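Peer 1: I am attaching a structure below and will ask some questions about it afterwards.
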Number of protein chains: 2
Amino acid sequence: MAETMFLFWGSGSPPCWRIMIALEEKKLQGYEQKLLSFEKMEHKSSEIMAINPRGQLPCFRHGDTILNESFGACLYLENQFKSQGTQLIPDTGDEQALVYQRMHEVLTLHEKLGTISGACIALGPGSYIAGKNFTMADVMLFPQVAFAVRFGLSTDKYPKLMEYYMKVKERPSIQASWPPHWKESPPTLDVLKDV
Amino acid sequence: MAETMFLFWGSGSPPCWRIMIALEEKKLQGYEQKLLSFEKMEHKSSEIMAINPRGQLPCFRHGDTILNESFGACLYLENQFKSQGTQLIPDTGDEQALVYQRMHEVLTLHEKLGTISGACIALGPGSYIAGKNFTMADVMLFPQVAFAVRFGLSTDKYPKLMEYYMKVKERPSIQASWPPHWKESPPTLDVLKDV
């Protein structure tokens, strides 16, 4: 099935990364992909504008179906491949509600990175963001956290968040989708050190 | 089932309204509810802060399960009551993808109301936002459109959008959930007339 999928992506872009994690978790390795450069403005190329008139990445295609919103693509992958790989959205009412709640809180987080430690993030010891299992809420959250850590988020101030980061980082889906340019160049900025 | 549900809401708030439309479409009438006043800052009352530390509406409770993100609550209602009332998310791959895509484009729309007529909105004649049926994407979109219309969006400039507005407005779920204070007071602002 993965061979009919195509992803245009940019390295280190949290929305792109979410889809890549979801593809890994759903055992959809082997999809076609093309890494584009934001620096070279390749996301504004005619190739992309034809698929996504807003000129943004990710652009994800499955057969003739195009999805270029990370939440939409991830929900689609979970629903279309429900019984394959990791179940990212639980069936049980209260567990499912928590996953949906946390998933969409991440959007708020995106708007206000400074509230990263806020009441909206309820990380228990050793837990994931919506309970004891890795879920779609983590697919949404982790790239944002990793992004913040790379750009210098104070690791001392957020011990629970760092514990979460260190644990989730080791997950095969995360390792397989780690931004390639992050491997090549160490983080040099510390723009978030005072957050 | 609806009798175990409780909604705290504010009149005219698009996120609150979305949940109310979804409840109507899923035939979950008869839920408990309480209308709060934003003007009187009732969304910052201790009653709300205890459930939602961010002090925002909607707050939706189903049994012991709390959801206060409109997208999360709507996805939850569709999944938990899939075979009841209107099917808001189709099963078929390409149809489902389009609904998820449009649903999440609405979030972008929320950020940039000025792009309401943009390429992201593909309204064919007589159609809904994700094809020929009313779906979750319409649940997300309609309150935003109605809000824009009330606040003076130029109806001449957006004929397709107005056609959509006039059609969807007549839907029973929309009529049943129409903001009460909009019924009492006509729109007087035209802040969006130049958009």
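Every read-out reported here was derived from the displayed coordinates using simple, explicitly stated rules and does not represent laboratory data. Only a predicted model underlies this, so the values are computations on that prediction, with no experimental measurement involved. Don't worry about glycine lacking a Cβ; one is built from the backbone with ideal geometry, like all the others, and counts go over all protein chains shown.
Peer 1: So if I take the alpha carbon set of the stretch A:2-80, get Rg, then get Rh from the Kirkwood formula, what is the Rg over Rh ratio?
Peer 2: Working: Rg = 11.6 Å, Rh = 12.4 Å.
Expressed as Rg/Rh, it is 0.94.
Peer 1: Grab every C-alpha pair in the stretch B:22-67, bin the distances at 10 angstrom width from 0 up to the longest one, and report whole percents.
Peer 2: With a bin width of 10 Å, the distribution comes to 24, 50, 24, 1.
Peer 1: Determine the sum of side-chain charges near B:GLN175: Lys and Arg each +1, Asp and Glu each -1, restricted to other residues whose C-beta is under 13 angstrom from that of B:GLN175. Write out the running numbers ahead of the final one.
Peer 2: Working: positive: B:LYS167, B:LYS169, B:ARG171, B:LYS183; negative: B:GLU24, B:GLU25, B:GLU170.
Counting the neighbours of B:GLN175, the net charge comes to +1.
Peer 1: Counting only residues 5 or more places away or on other chains, whose amide H sits under 5 Å from the amide H of A:LYS82 once H atoms are built in the peptide plane?
Peer 2: Answer set, sorted by chain and number: none.
Peer 1: Follow-up. For the stretch A:139-178, run through the trypsin sites (Lys or Arg not before Pro) and keep only the ones in DSSP coil with at most 14 other Cβ atoms within 10 Å of their Cβ.
Peer 2: Numbers: sites: A:ARG150, A:LYS157, A:LYS160, A:LYS167, A:LYS169; in loops: A:LYS157.
Sites meeting the loop and neighbour criteria: A:LYS157.
Peer 1: Starting from 0.36 nm per residue, how many nanometres of slack lie between A:PHE6 and A:GLU47 once their C-alpha separation is accounted for? Before the final figure, lay out the partial values.
Peer 2: Details: separation 41, 0.36 × 41 = 14.76 nm, distance 1.31 nm.
The A:PHE6-A:GLU47 span can extend by a further 13.4 nm.
Peer 1: For label points placed 7 Å from Cα toward Cβ, what is the shortest-first list of nm distances from B:SER37 to its copies?
Peer 2: 6.0
Peer 1: Taking the Cβ-Cβ separation of B:GLN29 and A:SER37 as r and a Förster radius of 45 Å, what is the calculated FRET efficiency to the nearest 0.05?
Peer 2: Details: r = 53 Å, r/R0 = 1.17.
With R0 = 45 Å, the Cβ-Cβ based efficiency is 0.30.
Peer 1: If you filter the stretch B:49-95 for chymotrypsin sites (Phe, Trp or Tyr not before Pro), then keep DSSP loop positions with at most 12 other Cβ within 10 Å, what is left?
Peer 2: Values: sites: B:PHE60, B:PHE71, B:TYR76, B:PHE81; in loops: B:PHE81.
Within the stretch B:49-95, no chymotrypsin sites (Phe, Trp or Tyr not before Pro) qualify (loop, at most 12 other Cβ atoms within 10 Å).
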